[in-house]
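Input: one structure, supplied below.
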There are 2 protein chains.
Amino acid sequence: MTRAPQKRRLETRAKLLHVAAAIVQEQGYSGLRVEDVVARAGVAKGTLFSHFKDKDGLLAVLIGEEVTRLLDRMEDEGTPADVAALTARLAPHLDYVAQDRVIFDLLLRYSGTTAAEPDEVVAASFIRQVTMLTGWLQTLQAAGKARQDQPPELLAEGIQGFLNHVLGVWFCAGHANDASPAQALDPYLQAWLQPPG
Amino acid sequence: MTRAPQKRRLETRAKLLHVAAAIVQEQGYSGLRVEDVVARAGVAKGTLFSHFKDKDGLLAVLIGEEVTRLLDRMEDEGTPADVAALTARLAPHLDYVAQDRVIFDLLLRYSGTTAAEPDEVVAASFIRQVTMLTGWLQTLQAAGKARQDQPPELLAEGIQGFLNHVLGVWFCAGHANDASPAQALDPYLQAWLQPPG
DNA sequence: TTTTATAATTGACCGCGGTCATTTTTTGTT
DNA sequence: AACAAAAAATGACCGCGGTCAATTATAAAA
């Protein structure tokens, strides 16, 4: 028996991801077709599916990387000072998801995940987001800028729910004519986090 | 030019819906295949797509009818007396949606809709649900059982968000081992509706 | 009745995601 | 170098949702 070094395999995978990212850049997420990816990568169709469970698996990696980048930026900016700042901090994420329903559907499939497989970038980034939110809320609570009658975890999960709700409305009802998702989010956050009294 | 009486057409449509409902009964929503429907209805494939925009359009009618039935029952029971009763009132709906991801995905696509086409049963029932919720919340507010610092519409939409959140978690993370969606919903409602102070 | 315009239905066809038995390439062993 | 065994890649094939030009049924007009 032999142990398999996977150098060639890693190259193929990288090439697939690179090509897919380029296509997404040109045509958007919903314009990505498996046939195009394998054609431009110069590999057979089956190869793609030996690297990724399905088309969504490929998309998940791309989207996960993008979300990771967004989270990095959020983290750099530190804890928001109040609820309004919290909304502003979440805006880039909302804008990103709002650009294409495919992103929303995929993220929704992972939201609520509490444990991630090593390669599940999306699940991992979701957990990271909830953790970050929880941390922020703790700070806000300590500063008296958020209600203290609930644990920060519950508040964070609630916010997650509002994010999904606002985006759902965005993709269904209004779209262009309506306010931006971030604008729609704000009243929920204000009401949800408002210190009682 | 002639006006077309659509008797035959209505019969075909009814037959398709009847057959589809039977298949759903036997195989569940996710087991429904267009081929089976048209085969058992004794019509050609194209016919189905002249009656419904796509497979989801057919499912939407079936699901919409079921949701309508659930809403009828909810309405009969009158306004819940407090938040705990509200959770209980929403439980049947949660249980129904929790039974199959197809339902959740489809309802999510319509949640947030503010106006319905005449034949869009799902959208109509969604609006009805929000309206009913808003009414209930008004009563709860008047009785001092819910916070009065926010308009009932906002509270109702917030609840909608929590419903989606809880169901999303249900389909992703726990499923069988976890608590029921209704159980998971309760803390959110308690926190969201709690009168400040 | 014959004609004619339109409603309703048909089914061959397509696109595209996903599978899997087979073939090619790589790596470790003698 | 020759061989065996596992890894990696292949591409013909399938399932299934959805399309559309062609066909048939239906009802009003001549």
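Report, by residue number, each residue of the range B:110-129 that is surrounded by fewer than 19 Cβ atoms within 10 Å (Cβ to Cβ) and within 14 Å of chain A (Cβ to nearest Cβ).
Taking the range B:110-129 and keeping what is surrounded by fewer than 19 Cβ atoms within 10 Å (Cβ to Cβ), we get B:114-120, B:127-128.
Scanning the range B:110-129 gives B:114, B:115, B:116, B:117, B:120, B:127.
A follow-up question, please. Answer yes if at least one residue in the range A:73-84 is within 14 Å of chain B (Cβ to nearest Cβ), surrounded by fewer than 18 Cβ atoms within 10 Å (Cβ to Cβ) and modelled with pLDDT under 95, and no otherwise.
No; the residues of the range A:73-84 include none that is within 14 Å of chain B (Cβ to nearest Cβ), surrounded by fewer than 18 Cβ atoms within 10 Å (Cβ to Cβ) and modelled with pLDDT under 95.
Table: residues versus (1) within 9 Å of DNA strand C (Cβ to nearest atom); (2) touching a helix residue (DSSP H, G or I) at 6+ places or on another chain (Cβ under 6 Å); (3) without any contact (Cβ under 8 Å) to a residue 12 or more places away in the chain.
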residue	(1), (2), (3)
A:6	yes, no, yes
A:12	no, no, no
A:15	no, yes, no
A:39	no, no, yes
A:51	no, yes, no
A:57	yes, no, yes
A:72	no, no, yes
A:75	no, no, no
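This table checks each residue for (1) closer than 16 Å to residue A:107 by Cα; (2) surrounded by fewer than 23 Cβ atoms within 10 Å (Cβ to Cβ); (3) touching a residue at least 40 places away in the same chain (Cβ under 8 Å).
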| residue | (1), (2), (3) |
| --- | --- |
| A:141 | no, yes, no |
| A:148 | no, yes, yes |
| A:154 | no, yes, no |
| A:166 | yes, no, yes |
| A:171 | yes, yes, yes |
| A:189 | no, yes, yes |
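Something else: Considering each of B:133, B:106 in turn, give the residue that is in contact (Cβ under 8 Å) with a residue 24 or more places away in the chain, crowded, with 22+ Cβ neighbours inside 10 Å and more than 9 Å from every other protein chain (Cβ to nearest Cβ). Break it down into steps so the answer makes sense when it comes.
Numbers: B:106 fails: crowded, with 22+ Cβ neighbours inside 10 Å.
The match here is B:133.
Return yes when residue A:12 is farther than 30 Å from residue A:138 by Cβ, among the polar types (S, T, N, Q) and modelled with pLDDT of 95 or more and no when it is not.
Working: farther than 30 Å from residue A:138 by Cβ: yes; among the polar types (S, T, N, Q): yes; modelled with pLDDT of 95 or more: yes.
Yes, satisfied.
List the helices (runs of 4 or more DSSP H) inside the range A:2-99, counting only whole elements, that have at least 1 residues being away from DNA strand D (no atom under 13 Å from the Cβ) and acidic (Asp, Glu). Can you show your working first?
On the way: elements: A:7-27, A:34-41, A:45-51, A:55-76, A:83-98.
Passing ranges, in order: A:7-27, A:34-41, A:55-76, A:83-98.
The values are calculated or read from the model by the stated rules, or taken from the named source; none is laboratory data. Please read all numbers here as calculations on a predicted model, not as lab measurements. Note: ideal-geometry Cβ built from the backbone for every residue, glycine included; neighbour counts use all protein chains shown.
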